[in-house]
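K.L.:
To start, I am sharing the structure in question, which I have written as structure tokens.
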Amino acid sequence: MVRRVAVLGAGVSGLAAIKCCLDEGLEATCFEQSEGVGGLWRYTDQAEEGRASIYRTVFTNSCKEMMCYPDFPFPDDHPNYMHNARLQHYICKYAEHFDLLRHIRFKTLVTKVRKRPDFSVTGQWEVVTQRDGKEETAVFDAVMVCSGHHVYPKLPLAEFPGIQKFKGYYFHSREYKEPEKFRGKKVLVIGLGNSGCDIAVELSTVASQVYLSSRSGSWVMSRVWDNGYPWDMLVITRFQTWLGNILPRALSDWLYVRGMNRFFKHENFGLMPLNRTSRKEPVFNDDLPSRIACGVVVMKPNVKEFRETSVVFQDGTVQDDVDVVVFATGYSYSYPFMEDDSIIKSRDNQVTLYKGILPPHLKKPTMAVIGLVQSLGPTIPTVDLQCRWAVKVFQGQCTLPPVTEMMDDIDEKMGKKLKWYGSSTTLQTDYITYMDELASAIGVKPNVLKLLLTDPRLALEVFFGPCSPYQFRLMGPGKWSGARKAILTQWDRTLR
């Protein structure tokens, strides 16, 4: 019987994990190495060791109706997209509202997680922590790893010949906080992800020139979509997902590319993805096309080599007098506290998890990795549902297939992912498909046909309207009495 659960990290995943444990009558102890909740969203002026780091001007890419905890909507007067400080305030309010803070041990670093000698019988783990120089070991029936995957910067210097002789200043985007110290400089930003684009746009207001280098291009979307509504309330719907699944692939691809090019032609801006039909996560930036049009950001292909003060690109062009290089080259996921790393990375050093959560080879299913998936949907509702599924598995209320079937399921999904998203994005998944899969397993997926007979107005909003988080608290275990009202009034809050 699982009773005591260790939760590692008090970011948005960790808080959801504590709450789900408490809802099911389990005893949760959360270990957080910093002094506050919020994880990634807790801004600090300096990047801190072992913690995710954001820059001062980060805003959310998901709107408030789509990214809230499913039983805790944002206040009516909040804007649709939020500055990190406002989101952090909401996260703190959530922790207070559900009385989660008393289960968190702050300034406590988890140094080791290892199986107990009798693991094959009990499924128990030893968690070793450090606080104020003192080491403690405690035994838990289950562990929920909520440490995030934006902590360890990927800086592939070996891929950039000549970087050692470059005389300018270079650093990973994790260290970037604000633009002022780059005033008047020539800056090269490498990487066309959300961070790279945000930093390039922000630096273009102070730098003498910004160059943005991309290896494979990317679709760039605006937060403000048709008629000025938030993009995700119009794009992430059950109807759109159903349509994407039933249409022939060629037609689906054509519609996708046409939709992505609706506001500007990516080819003309040097942004066109090499694999145009890949569904890898687009970049959200409302200003990049206009910054390119104004000439303050210049698009460049991949870097071929660095020289002392200049950069040579793959197309043969050379840029002289480059002062600063920002590597917005992403993150690698690492679990330094795991005594046996192969539990999570069981094949080719790749993360291999059933449903993106559970290490399939464990004799007892008592470990869950939360938040290690990426989709075109919001993180908070995703981790909330992952935690609910994991807790049901811990309690034996959600039965697992044999290991071979779990591995087959992982392989089959990986095949689909490679086809849809390309090889570099193995964490990628389709939001609604993934959420429905977890929701079905624990009996909380909304039954649209049943609703059509009993509550047609709600059924139409659930199917054709945004797939907002409240849908996963409408029915079944853990349902929330305010879910129906929240769904029927979501557009009012958006307009407000």
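The values are calculated or read from the model by the stated rules, or taken from the named source; none is laboratory data. All figures in this text were calculated on a predicted structure; none of them were measured in a lab. Backbone-built Cβ (ideal geometry, glycine too); neighbour counts: all protein chains shown. Remember, those area values only see protein heavy atoms, side chains included, never the ligands or the DNA or RNA. Shrake-Rupley method; radii C 1.70, N 1.55, O 1.52, S 1.80 Å.
K.L.:
Leaving out ligands and nucleic acids, and using a 1.4 Å probe, what accessible area per residue does the chain come to in Å²?
P.N.:
Ligands and nucleic acids excluded, the figure is 44 Å² per residue.
K.L.:
Here's something else I'd like to know. Note the angle between two axes, namely the Cα long axis of helix 249-260 and the longest principal axis of the Cα atoms of the chain, as a number of degrees from 0 to 90, rounded to the nearest 10.
P.N.:
60 degrees
K.L.:
If you average the sequence gap of Cα pairs under 8 Å that are 6 or more apart and divide by the length of the chain, what percent do you get for the contact order?
P.N.:
Numbers: 921 pairs, mean separation 98.3, N = 496.
Once normalised by length, the contact order is 20 percent.
K.L.:
Using helices alone, I'd like the mean residue ellipticity at 222 nm for the chain: each DSSP H run of four-plus residues gives -39500 (n - 2.57), total over residue count, nearest 500.
P.N.:
-8500 deg cm²/dmol
K.L.:
At what distance in nm do the modelled label points of S342 and C294 sit from each other, each positioned 7 Å from its Cα along Cα→Cβ?
P.N.:
According to this spin-label approximation, the distance is 5.5 nm.
K.L.:
Separate question: What's the FRET efficiency of F269 with R56 using the Cβ-Cβ distance as r and R₀ = 22 Å, to the nearest 0.05?
P.N.:
Given R0 = 22 Å and the Cβ-Cβ separation, E is 0.25.
K.L.:
Now, a different point. Take the solvent-accessible surface of the protein heavy atoms, probe 1.4 Å, and return the percent of it on the chain that carbon and sulfur atoms account for.
P.N.:
Using a 1.4 Å probe with all protein chains present, the chain comes out at 51 percent carbon and sulfur.
K.L.:
When ranked by the protection proxy of mean other Cβ atoms within 10 Å per residue, highest first, what sequence do the peptides 26-34, 233-241 form?
P.N.:
26-34, 233-241
K.L.:
Go through segment 58-69 residue by residue and turn each phi into a ³J(HN,Hα) via Karplus (6.51, -1.76, 1.60, θ = phi - 60°); whole Hz please, and just put x for glycine and proline.
P.N.:
Karplus values, whole Hz, x for Gly and Pro: 5, 10, 6, 9, 10, 7, 4, 6, 9, 10, 7, 5.
K.L.:
Still on this model: Apply the Karplus parameterisation 6.51 cos²θ - 1.76 cosθ + 1.60, with θ equal to phi minus 60°, to every residue of segment 231-242 and state each ³J(HN,Hα) to the nearest whole Hz, in sequence, with x for glycine and proline.
P.N.:
3J(HN,Hα) across segment 231-242, in whole Hz: 4, 6, 6, 9, 8, 8, 10, 5, 4, 4, 5, 4.
K.L.:
List the residues, sorted by chain then number, that are 5 or more residues from V283 or on another chain and whose placed amide H is less than 5 Å from its amide H.
P.N.:
Under 5 Å from the amide H of V283: W219, V220, M221.
K.L.:
Return the subset of K181/K304; K115/K363; K165/K300; K355/K392; K112/K392; K355/K413 for which the Cα-Cα distance in this structure is over 18 Å, preserving the input order.
P.N.:
Checking Cα-Cα distances, K181/K304; K165/K300; K112/K392 exceed 18 Å.
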